[in-house]
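Working notes, beginning with the structure itself.
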Amino acid sequence: MTTIAFFSGYSMPHLGGIEAYTHRIARALVRRGCRVLVVSSNFAGLAARETIDGVEQIRLPVFRVARNRYPFLKPNKQLRSQLRDLRCEDIDRIIVNTRFHQTSLAGARLGSSLHVPVYLIEHGAGPLTLGNWFLDAGLSLAEHVTTRLVRGHVTAVYGVSQAACDHARKRFGLASAGVWPNCVDVTNERFDAHQVDPPVIVYAGRLLPEKGADVVLAAARLVRPEYPGLQLRIAGDGPMGDALRRDTAGEPWVQLLGHIDPGEVARLDQLATVFVFTPRHPEGLPSGVLEAGVAGCPVVVSPMGGSLADVVIDGVSGLMVPPEPAAVAAALRTLLEQPQMRQKLGAGLKAVVTEKFSADVVAGKMLQDMGLAGGDE
């Protein structure tokens, strides 16, 4: 049986784009007969080792800094023991998520010492930011230093989108071998609930300034006088959460749902009239948009970083507008006024996601690119 180890800053049950990507791919690889380990940081005092959905989770002890967005490995007896144990796991391939976490460096060094091929996945399409120039400067330094250390151990680099590949090349000189795109679990179930009245607008993602949840809120406020029953549901948590709660305290039509599990996100997409994700900064390839596609939900997105152009073709599988309230509001009016367009764009998006961004499709491509015909060989 082929054993593949992912090294990542975080893992399930932490719910972020990279964690969801890794878990979907890992489950798809398990279905193909692979044994999969996910090695990450123990950011919340969880079990050091457990199995979730057939995927073995190994969590290393860390210090938590930079608002828990950059865990440092804790050089103690437990870490040394876990790293020794990993050397005995008979690993065939190592996949490192991102370049900048210390867990990434640990995985890359392990692969080099074991003479195991190491594959780096670039998820971002722009510089990291914490919304504070001082913290951003420290984060940028850590990112460059860790990237320099990791790159010497890497066999090949892949991106979750072409924009991510371009970012790795332009910012760090990392030439990419191809794209291992972000992905979702695709179902054949049909949903026709996007004609709901009153209309429901949905945003799902981290509540960070660069993600643009406040842009969605401002656009919905512009549209609501024409649709008095309109509702906005914002799923996710993050540093902007408290400010958004204060800002919308007198607006019961806005629901801040906080962190919800993937099943609840899927149900939210099924009931949405329109899904909106209009980030201000470059994105790799947001899983929220792909998940909306699984539900056949029409989307409004921004072209930041070019990554969303991999899945959303303006007027065919969604609407693409600048991340500005007036532009987003105009797109919302178009979709709310034209149910046939909503149906067309939702169906177009689902077709693209099913063909190119299914977890099973992406897992098969990864095995092929790594020279593994099948997981059970």
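Restrict the check to the stretch 323-334 and report whether at least one residue is part of a loop (DSSP other than H, G, I, E, B), buried (at least 16 other Cβ atoms within 10 Å of the Cβ) and either of a type outside the set (D, E, K, R) or touching a Lys or Arg at 6+ places or on another chain (Cβ under 8 Å) (or both).
Within the stretch 323-334 (the criterion being part of a loop (DSSP other than H, G, I, E, B), buried (at least 16 other Cβ atoms within 10 Å of the Cβ) and either of a type outside the set (D, E, K, R) or touching a Lys or Arg at 6+ places or on another chain (Cβ under 8 Å) (or both)), the answer is yes, since at least one residue qualifies.
Tally up the residues in the stretch 219-246 that are surrounded by 15 or more Cβ atoms within 10 Å (Cβ to Cβ) and either more than 24 Å from the chain's Cα centre (by Cα) or among the hydrophobic types (A, V, I, L, M, F, W, C) (or both), please.
Residues meeting the conditions: 14.
Being in a helix (DSSP H, G or I) and touching a residue at least 40 places away in the same chain (Cβ under 8 Å): is that true of Ser104 here? Break it down into steps so the answer makes sense when it comes.
Details: in a helix (DSSP H, G or I): yes; touching a residue at least 40 places away in the same chain (Cβ under 8 Å): yes.
It is true that Ser104 is in a helix (DSSP H, G or I) and touching a residue at least 40 places away in the same chain (Cβ under 8 Å).
Just to be sure I understand the filter: pairs with C-beta atoms under 8 Å, separated by 6 or more residues or on different chains, first member in the stretch 223-247 and free of Cβ contacts under 8 Å to residues at least 40 places away in the same chain, second member among the polar types (S, T, N, Q). Which pairs pass?
Gln231/Gln255; Leu232/Gln255; Arg233/Gln255; Ile234/Gln255
Quickly run through the stretch 347-375 and pick out the residues that are of a type in the set (Lys, Arg) and farther than 22 Å from Pro117 by Cβ.
Lys350, Lys356
Got a sec? Which of Gln82, Gln102 is among the polar types (S, T, N, Q) and at pLDDT below 95?
That would be Gln102, the only listed residue that is among the polar types (S, T, N, Q) and at pLDDT below 95.
If the Cβ limit is 7 Å and pairs must be 6+ apart or interchain, which residue in the stretch 127-154 that is farther than 25 Å from Pro209 by Cα and among the aliphatic types (A, V, I, L, M) pairs with which residue that is in a helix (DSSP H, G or I) and at pLDDT 80 or above?
Leu149/Leu105; Val150/Ser104; Val150/Leu105; Val150/Ala108; Val154/Ala108
Would you be able to tell me the number of residues in the stretch 345-370 that are without any contact (Cβ under 8 Å) to a residue 24 or more places away in the chain and either among the charged types (D, E, K, R) or not in a helix (DSSP H, G or I) (or both)?
1
Let's see how each residue does on (1) at pLDDT 75 or above; (2) assigned to a loop (DSSP other than H, G, I, E, B); (3) surrounded by fewer than 15 Cβ atoms within 10 Å (Cβ to Cβ):
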site: Leu139; (1), (2), (3): no, no, no
site: Val150; (1), (2), (3): yes, no, no
site: Ala164; (1), (2), (3): yes, no, no
site: Phe191; (1), (2), (3): no, yes, no
site: Asp197; (1), (2), (3): yes, yes, yes
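Filter the stretch 98-119 down to residues that are in contact with a helix residue (DSSP H, G or I) (Cβ under 9 Å, 6 or more places away or on another chain), under 20 Å from Lys74 (Cβ atoms) and buried (at least 19 other Cβ atoms within 10 Å of the Cβ), then give me how many there are.
Result for the stretch 98-119: 10.
Please enumerate the residues belonging to the stretch 247-265 that are touching an Asp or Glu at 6+ places or on another chain (Cβ under 7 Å) and either buried (at least 19 other Cβ atoms within 10 Å of the Cβ) or under 22 Å from Ala331 (Cα atoms) (or both).
Val265
Kindly provide the set of residues from the stretch 18-35 that are of a type outside the set (A, V, I, L, M, F, W, C) and buried (at least 20 other Cβ atoms within 10 Å of the Cβ), ordered by number. Working first, answer last.
Going residue by residue through the stretch 18-35, those that are of a type outside the set (A, V, I, L, M, F, W, C) are 19, 21-24, 27, 31-33, 35.
Of everything in the stretch 18-35, those that are of a type outside the set (A, V, I, L, M, F, W, C) and buried (at least 20 other Cβ atoms within 10 Å of the Cβ) turn out to be Glu19, Tyr21, Thr22, His23, Arg24, Arg35.
Output the residue which, of all residues in the stretch 278-295 that are modelled with pLDDT of 90 or more and farther than 14 Å from Leu349 by Cα, is surrounded by the most Cβ atoms within 10 Å (Cβ to Cβ).
Only one residue tops the list, namely Thr278.
Yes or no, residue by residue, for (1) free of Cβ contacts under 8 Å to residues at least 60 places away in the same chain; (2) surrounded by 24 or more Cβ atoms within 10 Å (Cβ to Cβ):
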{"site": "Thr2", "(1), (2)": "no, no"}
{"site": "Ala5", "(1), (2)": "no, yes"}
{"site": "Leu37", "(1), (2)": "yes, no"}
{"site": "Ser40", "(1), (2)": "no, yes"}
{"site": "Ala44", "(1), (2)": "yes, no"}
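Quick one: count up the residues across the stretch 296-322 that are of a type in the set (A, V, I, L, M), crowded, with 22+ Cβ neighbours inside 10 Å and assigned to a strand (DSSP E or B).
Of the residues in that region, 4 qualify.
Condition test on Val265, is it part of a loop (DSSP other than H, G, I, E, B), over 20 Å from Leu222 (Cα atoms) and assigned by TED's automatic domain parsing to the domain that holds Arg206?
Spelling it out, it is not the case that Val265 is part of a loop (DSSP other than H, G, I, E, B), over 20 Å from Leu222 (Cα atoms) and assigned by TED's automatic domain parsing to the domain that holds Arg206.
Does at least one position in the stretch 229-250 carry a residue that is among the polar types (S, T, N, Q) and at pLDDT 90 or above?
Yes, some residue in the stretch 229-250 is among the polar types (S, T, N, Q) and at pLDDT 90 or above.
The values are calculated or read from the model by the stated rules, or taken from the named source; none is laboratory data. It should be emphasised that the depicted structure is a prediction, and the values quoted were computed from it without experimental measurement. Quick reminder, even Gly has a Cβ in these numbers, built from the backbone with ideal geometry, and neighbours come from all protein chains shown.
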